[in-house]
Amino acid sequence: MSAGEVRIKIKYFSDEIEKLAAIGGAKSDWIDLRCAEETVMKKGEAKLIPLGVAMALPEGYEAHVVPRSSTFRNFGLIQTNHCGVIDNAYCGDGDQWFVPMLAVRDTVIHVGDRICQFRIMEKQPHIIFDETDHLDGPDRGGFGTTGRA
């Protein structure tokens, strides 16, 4: 293992999904996750969709799970928590990853369909808040004011 590499133990719950490959230096550092079980959803229905993997993330890291950009177009799904966070304590033999989805139309997600993606991030450091009556930065004009022509 070279500098900058991280090894992650992974357990698969399905032989039908494609195994995750090493990543780094590719066009994206997000890793696609696949549906591990044929899932039929009616419009308005919410389900936890199994992703067929469990991982032992390194100490000090967490995974961020979000939909792929094509998930809404292809399947009519919205991730109900918008960004899932899986911490490194979720690392047991039965800790399969799931993604909570809401169907906006009737849909079928087949085994192996790429429906979300993840990346690992370092956990936030310990933060101490120092209360003040004045901040030194320039005032940008409040919420929703940037980007106006």
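What to note about this one:
- Here is the tail figure for the range 83-128: Cα pairs spaced more than 16 Å apart come to 59 percent of all pairs.
- Cα-based reach from K19 at 24 Å (exclusive), listing lysines while leaving out same-chain residues under 8 positions away: K9, K11, K27, K47
- Residues whose amide H lies under 5 Å from that of T80, counting only those 5 or more places away or on a different chain, are M101, L102; hydrogens are built 1.01 Å from N in the peptide plane.
- Protein heavy-atom surface of the range 46-149, 1.4 angstrom probe: 52% of the accessible area is carbon and sulfur, with nucleic acids and ligands not counted.
- Accessible area of the chain divided out per residue, in Å², using a probe of 1.4 angstrom: 70
- One entry in (1) 29, 23, 13; (2) 26, 17, 16; (3) 32, 24, 15 is semi-axes √(5λ) of the Cα gyration tensor in Å calculated from the shown coordinates; its label is (3).
The values are calculated or read from the model by the stated rules, or taken from the named source; none is laboratory data. What you see is a predicted model; the values in this text were computed from it and never measured. The protein model used for the area step is the full one, side chains on, heavy atoms only, and it has no ligands, DNA or RNA in it. Shrake-Rupley method; radii C 1.70, N 1.55, O 1.52, S 1.80 Å.
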